[in-house]
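Each remark here refers to the structure printed beneath this line.
The values are calculated or read from the model by the stated rules, or taken from the named source; none is laboratory data. This structure is a prediction, so every number in the text was calculated from the model and none was measured. Cβ coordinates were reconstructed from backbone atoms using ideal geometry, including for glycine residues, and neighbour counts include every protein chain displayed. Side chains included, ligands, DNA and RNA excluded: accessible areas come from the protein's heavy atoms. Shrake-Rupley method; radii C 1.70, N 1.55, O 1.52, S 1.80 Å.
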Amino acid sequence: QVQLVESGGGLVQAGGSLRLSCAASGRTFRTYAMGWFRQTPGKEREFVGAIRWSGGSAYYTDSVKGRFTISRDNAKNTVYLQMNTLKPEDTAVYYCAAAYRLVLVTALSEYDYWGQGTQVTVSS
């Protein structure tokens, strides 16, 4: 069982930055691939990016490539989403998720555990 708690959301002006954190419980955190998703009212939850259990290179959806960076610290049971050059269209509730997989996964259905979400609002 893994519990995930996101933090770091808030209100920021366009062009600004935020860093989201996702703290995980459980000693097996390092065996989970981690992902970030986001959702706006009336729309489906969409994939933002993901990182393997071992860290290293992450994979991102095209709309955030070059602006967002995912990293993880397995010693701290935490995964991060650094968001730079934010745009109003990045406004959403952001969720972290854990998948008991050895490979990087992008499909929402592949994830086993979810956090409660944190609101990110980017003003123009």
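Rolling a 1.4 Å sphere over the protein heavy atoms, what is the accessible area per residue of the chain, to the nearest Å²?
Values: 6420 Å² over 124 residues.
That works out to 52 Å² per residue.
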Which order do you get for L81, L108, L102 if you rank them by accessible area with a 1.4 Å probe, largest at the top? L102, L108, L81
Please get the size of the charge dipole for the chain, origin at its Cα centre, with Cβ charges of +1 on Lys and Arg and -1 on Asp and Glu, quoted in debye to the nearest 20. 320 debye
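Before anything else, pin down the relative contact order of the chain: Cα pairs under 8 Å, at least 6 apart, normalised by residue count, whole percent.
Numbers: 323 pairs, mean separation 44.8, N = 124.
36 percent.
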Along its three principal axes, how long is the chain when you only count alpha carbons? Whole Å, largest extent first please. 41, 28, 24
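Out of the total accessible area of the chain (probe 1.4 Å, heavy atoms of protein only), what percent is carbon and sulfur?
Using a 1.4 Å probe with all protein chains present, the chain comes out at 48 percent carbon and sulfur.
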Given the protein chains as shown and a 1.4 Å probe, how many square angstrom of T118 are accessible, to the nearest 10? 20 Å²
Near K65, which aspartates and glutamates are there with a Cα under 17 Å away, not counting those fewer than 8 places off in the same chain? E46, E89, D90
Under 18 Å from a point placed 7 Å out from the Cα of S109 along the Cα-to-Cβ direction: which residues of segment 36-63 have their backbone N that close? 44-48
With every protein chain in place, what's the accessible area of Y94 (1.4 Å probe, Å², nearest 10)? 0 Å²
Pull out the extension gain between R67 and T28, defined as 0.36 nm times the separation in residues minus the alpha carbon to alpha carbon distance; nm, one decimal. 11.1 nm
From the square roots a ≥ b ≥ c of the eigenvalues of the alpha-carbon gyration tensor of segment 42-94, which class results: rounded (a/c under 1.5), prolate (a/b over b/c), or oblate? prolate
Top to bottom by accessible area (1.4 Å), largest first, where do W36, W53 land? W53, W36
